[in-house]
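Input: a single structure, listed below in structure tokens.
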């Protein structure tokens with residue numbers, strides 16, 4: 001069986017990165033991250049990036065690609081990742097793609113929706129409305145015109161809420177109608193870590209306290225000093241945006257930790273639901289993957 005890549009997806013704190021790392025050692029290959037926050041430099045503890053020791057042992061791609069205040073989108077991710085996949089294939093290696101940003105994985109497999117061109121003027125207006133009336137206001141508007149996409153991304157994803165409204169205003173069509181997935185553009189062997197919600201919740205709580213012990217507060221202070229507050233308060237920056245009120249003396253550490261846990265659990269639930277709808281194979285350990293690879297003669 002000839003494949004372009006192995007994908008290991010799954011919710012945050014489900015152990016997928018550890019499994020991918022061991023598999024990469026076994027297959028003597030390299031890893032491509034599919035995590036929308038790991039692309040940013042200096043954001044290490046809160047994004048649970050693989051340690052420098054692990055990155056010396058196995059080469060990781062799509063980590064530390066841009067500064068926190070630099071623009072990076074799904075199109076850029078797909079283009080860069082396809083280049084890496086092709087290079088690895090030419091060297092005789094099967095790339096392992098690992099991460100929980102399902103919009104990256106979906107776009108990589110099926111392509112990007114052919115929507116209208118970016119309208120930065122309208123985007124600024126919608127940003128202003130979100131600032132004045134709150135993101136909830138825009139999210140409710142999106143639910144009235146495109147409930148399917150609104151439920152898919154969640155109420156805190158400011159970037160995608162605004163983009164979906166922008167497309168609807170300019171085309172008159174819901175953003176979800178542009179997503180017409182046919183056959184995958186690549187041959188992949190896809191897996192996802194299939195933990196129960198209870199197991200995920202327990203892992204998330206443990207990992208959050210571990211991040212605090214590792215120095216998440218100091219990392220956040222350093223990012224603020226470097227002028228990256230706007231990046232840290234984005235809807236996706238879970239683990240960072242919740243720490244800012246604590247650092248500014250507007251909330252206690254207990255409140256910050258509770259909010260990180262709450263927001264991470266909500267995000268993990270959405271990830272879990274998405275992966276369960278894919279044709280990917282549910283796994284719990286590396287042994288599960290090894291069994292499938294052996295049955296396919298890989």
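Computed quantities for the displayed model
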read-out	value
Unique match (being buried (at least 23 other Cβ atoms within 10 Å of the Cβ), closer than 30 Å to residue 221 by Cβ, in contact with a strand residue (DSSP E or B) (Cβ under 9 Å, 6 or more places away or on another chain) and assigned by TED's automatic domain parsing to the domain that holds residue 243) among 68, 50, 11	11
Hits in the stretch 16-29 - residues which are more than 16 Å from residue 239 (Cβ to Cβ) and either buried (at least 19 other Cβ atoms within 10 Å of the Cβ) or not assigned by TED's automatic domain parsing to the domain that holds residue 99 (or both)	16, 19, 20, 21, 23, 24, 29
Condition met for residue 198 (loosely packed, with under 13 Cβ neighbours inside 10 Å and free of Cβ contacts under 8 Å to residues at least 60 places away in the same chain)	yes
Filter result for the condition that a residue is closer than 26 Å to residue 110 by Cβ, at pLDDT below 95, touching a helix residue (DSSP H, G or I) at 6+ places or on another chain (Cβ under 7 Å) and part of a helix (DSSP H, G or I), over 274, 181	274
Test: residue in the stretch 139-148 that is part of a helix (DSSP H, G or I), assigned by TED's automatic domain parsing to the domain that holds residue 85 and without any contact (Cβ under 8 Å) to a residue 24 or more places away in the chain	no
Identity of the residue in the stretch 227-253, crowded, with 21+ Cβ neighbours inside 10 Å and free of Cβ contacts under 8 Å to residues at least 24 places away in the same chain, that ends up nearest to residue 157 (Cα to Cα)	241
Those residues of the stretch 112-138 which are part of a helix (DSSP H, G or I) and out of contact with any helix residue (DSSP H, G or I) (no Cβ under 8 Å at 6 or more places or on another chain), in sequence order	120, 121, 124, 125, 128, 131, 132, 133, 136
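Table: residues versus (1) touching a strand residue (DSSP E or B) at 6+ places or on another chain (Cβ under 8 Å); (2) at pLDDT 95 or above; (3) part of a helix (DSSP H, G or I).
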{"position": "185", "(1), (2), (3)": "no, no, no"}
{"position": "191", "(1), (2), (3)": "yes, yes, no"}
{"position": "195", "(1), (2), (3)": "no, yes, no"}
{"position": "198", "(1), (2), (3)": "no, yes, yes"}
{"position": "202", "(1), (2), (3)": "no, yes, yes"}
{"position": "205", "(1), (2), (3)": "no, yes, yes"}
{"position": "211", "(1), (2), (3)": "no, yes, yes"}
{"position": "220", "(1), (2), (3)": "no, yes, yes"}
{"position": "223", "(1), (2), (3)": "no, yes, yes"}
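The values are calculated or read from the model by the stated rules, or taken from the named source; none is laboratory data. On a predicted model such as this, the values are computed, not experimentally measured, just so you know. Every residue, glycine as well, gets a Cβ built from its backbone with ideal geometry; the counts of neighbours run over all protein chains shown.
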